[in-house]
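The values are calculated or read from the model by the stated rules, or taken from the named source; none is laboratory data. What you are looking at is a predicted structure, and each value in this text was computed from that prediction instead of being measured. Quick reminder, even Gly has a Cβ in these numbers, built from the backbone with ideal geometry, and neighbours come from all protein chains shown. Ligands, DNA and RNA are excluded from the accessible area calculation, which covers all protein heavy atoms including side chains. Shrake-Rupley method; radii C 1.70, N 1.55, O 1.52, S 1.80 Å.
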Amino acid sequence: MGMELEGDMEEYIDTGEIEYDDSDVVAHIRGILLKVAEGKKSEYHDLVGKLNQPGRDPDEVASLVMCLKGLSGAVAFINIVRHETLLQAILGMSMWKYNPDVMDVLVDLIIRLATSSGEFLDSSLDMLVTNFTPPFKIDLDTPRGVVKKEQVLDRVHSALITITELVPLVPMRLVPILLYRMPHTNADEQMMALYAESMLRLECGPIGEFVGSTMLFALVDRLVELDVEIEWDDIEQSESNKGIFHMELEDMDGEDNGYGLAKTIKLAPNLDITNEIARRLAYLKKYSQNLDYLLVLIFQHLKSCAENGRLAKVFPTLLQSFHDTVLNTQKSKFAQFFMFYACSLDPEECGMSFLFMLRDVFLCNTGIQLTRMSSVAYLASYLSRAKFLEGHIIASTLQGLVNWCVEYCQFVGAEEKTLNPEAHRLFYSGCQAIIYVLCFRMREMLDDPDQKSIILGFPLQHIFRDPLDPLKVCLPLVVDEFLRQARAASLITTSENFLYKNLLESDLSKAFGGVERLDMFFPFDPCLLKRSERFIKPIFLHWSDVVLPYDDEEDFEEQLGDEVDDHLSDDDIEDSMNKMSITPKSSLKFSMGGDHKMTPKKMPAKIRPSTSP
């Protein structure tokens with residue numbers, strides 16, 4: 001038998017009649033490897049060629065299994081320089097191409113390589129990480145695709161765990177590889193989703209203690225990177241004079257424009273119709289799909305963490321990641337919903353931790369101004385939209401904001417009390433946060449005796465009559481809706497007319513919002529991503545769910561009397577009260593009319609990623 005092993009391997013395999021044991025195969029492979037140093041490379045090249053075979057027919061599979069077994073036993077004789085082509089062939093193999101028999105012997109070889117010598121460790125880990133995703137598109141919606149995915153990923157993760165147990169320093173070497181191999185924002189959605197699944201599997205697995213936090217940070221970073229690729233100019237905007245209260249369109253028919261997006265998305269008339277529109281919509285589709293898929297995976301992972309009692313362990317990492325990455329991202333649109341959903345899973349602990357963080361950032365006198373403004377915008381939107389927050393929590397948080405605004409008015413000297421939006425940006429941010437939350441929560445808090453006593457005790461008249469005059473600076477439509485409710489509920493009285501003809505913004509609100517337009521940033525507006533939205537909808541307060549202090553238009557007009565502006569038509573009033581959402585002012589950059597004239601449009605309620613293959 002030994003003599004036959006010294007002969008041609010192909011001949012040896014093809015007979016299928018010769019019985020052999022693994023030690024004979026190992027000895028034969030060892031001999032081939034040693035001959036390379038003597039310049040005898042014929043059998044070595046044959047060996048490399050066998051590793052490059054597709055492994056589809058039974059003979060190829062048998063040959064491949066034998067070669068990989070032999071190499072596993074001869075790992076100590078593999079030289080990183082002399083056997084470079086052999087290592088390239090081994091490390092370039094994709095388990096997705098082979099059956100379980102080949103996968104098993106290949107994984108065993110990789111484990112032996114990784115643990116035999118430090119010089120093979122990084123390349124072995126890289127090979128396993130590369131196998132998080134297939135080198136080709138597979139249909140994961142079929143039973144065959146699901147089985148293949150399980151076969152590969154179970155072996156890959158098992159190998160990573162085994163190597164980590166044998167080489168304790170592996171996590172330190174693994175993390176840079178994981179981050180480097182992470183798919184880019186414009187990657188195929190299947191590749192993005194599969195890779196993210198493996199990252200989350202590592203987070204909750206045996207080596208999650210070492211790499212889990214880094215995985216979560218990296219995924220949040222990728223959410224933000226995808227989010228910023230979707231510009232508001234890419235999303236069809238609403239009419240600029242109806243931009244806050246009527247945007248939550250919940251009656252979409254689900255149709256799309258062939259790009260997986262709402263049909264109403266338009267681009268500028270000066271763009272090339274056949275090329276630029278298709279290119280931009282294709283990019284928008286890809287980014288929105290990847291963001292949507294990634295958010296759903298994170299939602300599912302967080303739900304699993306909550307069910308398994310791990311949410312309290314991972315939440316501090318999520319909170320820190322939000323603080324470091326999301327909070328200062330200018331007008332993030334959807335990425336922040338991972339935190340909204342996490343808080344809903346444990347409102348008493350996680351929900352309150354998030355609230356306290358936002359509050360404390362805003363109240364920190366040494367903090368960066370823009371960060372504090374962003375924080376109070378998040379706080380206002382969170383208090384307004386989170387169904388899972390109890391009313392007394394909202395009332396007490398508002399009490400803190402009101403107290404801060406009162407103290408600010410007292411602190412500012414009389415000579416500084418001029419209508420200067422830029423100089424008092426923080427103050428106006430705080431005031432707008434208060435009135436925005438009251439637009440959503442006023443009626444329900446007034447219906448509760450304990451909360452009502454808190455709300456009625458707010459010194460709102462003191463704040464609003466201060467020379468800083470916040471009602472003239474905050475967004476007109478927010479002020480308008482607040483005054484409607486506050487007058488109806490007898491919460492405040494004012495002799496001054498603040499009707500703005502339903503204007504979305506004013507020069508004063510632009511000034512306090514700055515170039516960042518933080519005056520218009522209420523980040524937990526309805527989630528427009530199709531798949532993610534189904535997780536958010538049950539825990540999200542839509543404007544259509546809000547109970548208002550006034551019952552109908554006739555009661556409202558009676559309460560306002562002569563202050564109702566003749567310029568407001570019935571349709572305008574209904575529009576402004578019926579739907580509530582903050583979005584940037586309509587941009588004409590990507591707005592197109594058939595006659596090339598710019599006309600106001602409505603923003604689509606949802607970005608609907610395509611479900612086609």
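Take the range 183-210 and flag every residue that is open to solvent by less than 40 Å² (accessible area, probe 1.4 Å), closer than 12 Å to Asn131 by Cα and of a type in the set (A, V, I, L, M, F, W, C).
The answer is Leu194, and nothing else.
Can you name the condition, by its number, that Glu348 falls short on among (1) within 18 Å of the chain's Cα centre (by Cα); (2) without any contact (Cβ under 8 Å) to a residue 24 or more places away in the chain?
Going through the list (1) within 18 Å of the chain's Cα centre (by Cα); (2) without any contact (Cβ under 8 Å) to a residue 24 or more places away in the chain, Glu348 breaks only (1).
Is it the case that Glu165 is surrounded by fewer than 16 Cβ atoms within 10 Å (Cβ to Cβ), under 23 Å from Ser117 (Cα atoms) and over 16 Å from the mean Cα position of the chain (by Cα)?
yes
For the range 387-408, indicate whether the set of residues that are open to solvent by less than 10 Å² (accessible area, probe 1.4 Å), out of contact with any Ser or Thr (no Cβ under 9 Å at 6 or more places or on another chain) and within 26 Å of Glu229 (Cβ to Cβ) is non-empty.
Checked the range 387-408: no residue is open to solvent by less than 10 Å² (accessible area, probe 1.4 Å), out of contact with any Ser or Thr (no Cβ under 9 Å at 6 or more places or on another chain) and within 26 Å of Glu229 (Cβ to Cβ).
Among the candidates Ile90, Ile80, which residue alone is β-branched (Val, Ile, Thr), modelled with pLDDT of 90 or more and surrounded by 19 or more Cβ atoms within 10 Å (Cβ to Cβ)?
Unique residue meeting the criteria: Ile90.
Can you confirm whether Pro316 is at pLDDT 95 or above and farther than 29 Å from Glu229 by Cα?
no
Hey, which of the helices (runs of 4 or more DSSP H) in the range 322-425, taking only ones fully inside, have at least 2 residues that are among the β-branched types (Val, Ile, Thr)?
369-385, 391-411
Yes/no per residue for (1) without any contact (Cβ under 8 Å) to a residue 12 or more places away in the chain; (2) open to solvent by 10 Å² or more (accessible area, probe 1.4 Å); (3) within 29 Å of Lys313 (Cα to Cα); (4) assigned to a helix (DSSP H, G or I):
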residue: Phe136; (1), (2), (3), (4): no, yes, no, no
residue: Asp139; (1), (2), (3), (4): no, yes, no, no
residue: Lys148; (1), (2), (3), (4): no, yes, no, yes
residue: Asp154; (1), (2), (3), (4): yes, yes, yes, yes
residue: Pro171; (1), (2), (3), (4): no, yes, yes, yes
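Among the residues of the range 180-220, write down those that are closer than 22 Å to Thr325 by Cα and outside any helix (DSSP H, G or I).
Met182, Pro183, His184, Thr185, Asn186, Ala187
Any residue in the range 52-71 that is on the phi < 0 side of the Ramachandran plot sitting within a Cβ distance under 8 Å of a residue that is open to solvent by less than 40 Å² (accessible area, probe 1.4 Å) and assigned to a loop (DSSP other than H, G, I, E, B)? List the pairs, counting only those 6 or more apart or interchain.
Filtered contacts from the range 52-71: Val61/Gly55; Val61/Tyr98; Leu64/Gly55; Leu64/Tyr98; Leu71/Ile78.
Go through the range 9-45 and count every residue that is at pLDDT below 50, aliphatic (A, V, I, L, M) and surrounded by fewer than 15 Cβ atoms within 10 Å (Cβ to Cβ).
Result for the range 9-45: 1.
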